Each structure stands twice: as structure tokens, then as C-alpha cells.
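Heads up: the structure comes next, in C-alpha cells.
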Amino acid sequence: MTIRLMLISPAMNPALREARFPRTDQPAATDGGPADTGPADRGPADRGPGGDALDALGLRGAEAVRETFPATATTYVSPSPRCRRTAEALGLDAQPLPALAPCAMGSWQGRTLDEVAAAEPHALASWLSDPASAPHGGESLLALLARAAHWLDTLADVTPADVTPGDGNAGDSNAGGRVIAVAEPDIIRACAVHALGATPAAFWRIDVRPLTATELSGRAGRWNLLSGRPLHSATPSPTP
């Protein structure tokens, strides 16, 4: 079965703006605020769903964006507040999937890249140059790439008939190999590396901008890649 996967990056928030490593050890705040933001005040892009949430995400003509999505698809979301808010604002009834969690950054989570560079320059240099290195005590780049690759390569194993409510595979029994996932930028970069058969070093050369779609289509582990188009410029998916 051919898989047609659309990976959507989340809206901008302070953590993304400040190059702050996401937190993965805390649930969302009880007031509705995200655990994956930094100390900066939350701006319009960080309001939770409700009210004019689509405008808060910077999307005008949101109905037109929704119309570009397949009528039936299996839907997933990274288990982070910013991805869940983006999925909800886009009208996607997606369940969080642990395989799409951001890279576990251990002692660096919640800190900015500049803060780590100032405090632990040698550790940061090791992390950036050695894909097997995890000086923060979390997940190495190789581990992240392996996790994303395994998820991609096993997507076809979850056939539409296997989809049941509550198991992380929301969608319709007629999804027909179509998948939409609102995913953390590092997950999207890791998927692109695997799809292209690139080396781990390519991970650092891929830029995933907020609210863009990266599309993969493939069968038996061979993928084609369409990257980085803004959601507002999307065109309707062709009917097979």
C-alpha cells in the first residue's frame, strides 16, 4: 500500500522563537498554558484553542486550508502542547503519539541554545558533531533518527482496518494510506533524513518553518519528498 504522509509543523511560539530546547518532563500547565514554552510572555500564537484560535495561529482563510486535507486520513500529533494546539486549531481530531515526541534533551531541556553554548561549550560541540553523543543525558541524534525511521517504515503496518479509537490512530476506515501528523520540527527533519537516505549530518541542514507541510509518499520503504510549502498556499489533494 502506498502511504501519503503530510507532516505539519506547529505554529510559532516563544520556545521556537528563542531556540529553546523543548521540555518533555512536564505536563501542560493547569491554566491551559504550554509546558514547552520558555519564560517569555505568551503571544498570540500561544493562545489555546477557543475564540479565534485560527487567527491566533496566523492562519487566514482557515477553511480553505482545511479543504486541502484529504477527506479521510489517519491523524497523529506529537504529544506536546504546541502541536496539540495547532492540530486542534486546524480541526484535526488527532491523538498524541509517543513516537512523535520531540528529542529528549535531558538536562538541557527548557534552556536556550545560547545558554547551553555559554555553560557547556565542549558538550554542545560534541552533540553537534557526533550523532551518537548525548552529553545532556537524554536522546542522541542517532536515537532520534532511528525512532523516526521506525515510525515511517511501520506506517503501512497500521492498515485502515486496524484503526480503533483511542489507540493513537484516529481516522476513518477508508483512510486508504493517507496520514496527517502535526509533528515537532525535529521529528519532521528526522523523517526527511530517512526518506532521502541521507547521512545524520544532513539533519542540521534542514530548516522546518512554522505552519508548513512536508509531504512524503512511498511504498516498501522508498519515499518521495515534497518539503516546506506554507499551509496557506496548499492546493487540494488530487482524488485517487
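Here residue 126 sits with roughly 40 square angstrom of accessible surface, probe radius 1.4 Å. Only protein heavy atoms count here; on that basis, with a 1.4 Å probe, residue 208 has an accessible area of about 30 Å². Less than 12 Å Cβ to Cβ from residue 140, Lys/Arg counted +1 and Asp/Glu -1: what total charge do the surrounding residues give? Here the count lands on -1. Give me the percent of Cα-Cα pairs in the stretch 63-133 that sit more than 15 Å apart, rounded to a whole number. Tail of the P(r) past 15 Å holds 67 percent of the pairs.
By a 1.4 Å probe calculation restricted to protein chains, residue 215 has an accessible surface near 50 Å², given to the nearest 10. Taking label positions 7 Å along the Cα-Cβ direction at both residue 68 and residue 113, the computed distance is 2.6 nm, reported to one decimal. Largest accessible area first, the listed residues 136, 150 line up as 150, 136 when surface is computed with a 1.4 Å probe on the assembled protein chains.
The largest accessible area among 105, 1 belongs to the first residue in 1, 105, and the rest follow in falling order (1.4 Å probe, all chains).
The values are calculated or read from the model by the stated rules, or taken from the named source; none is laboratory data. Everything numeric here is computed off the predicted structure, so don't read it as measured data. A quick note on method: Cβ atoms are made from the backbone with ideal geometry, for glycine too, and the neighbour counts reach across all protein chains shown. All accessible areas refer to the heavy atoms of the entire protein, side chains included, with ligands and DNA or RNA removed. Shrake-Rupley method; radii C 1.70, N 1.55, O 1.52, S 1.80 Å.
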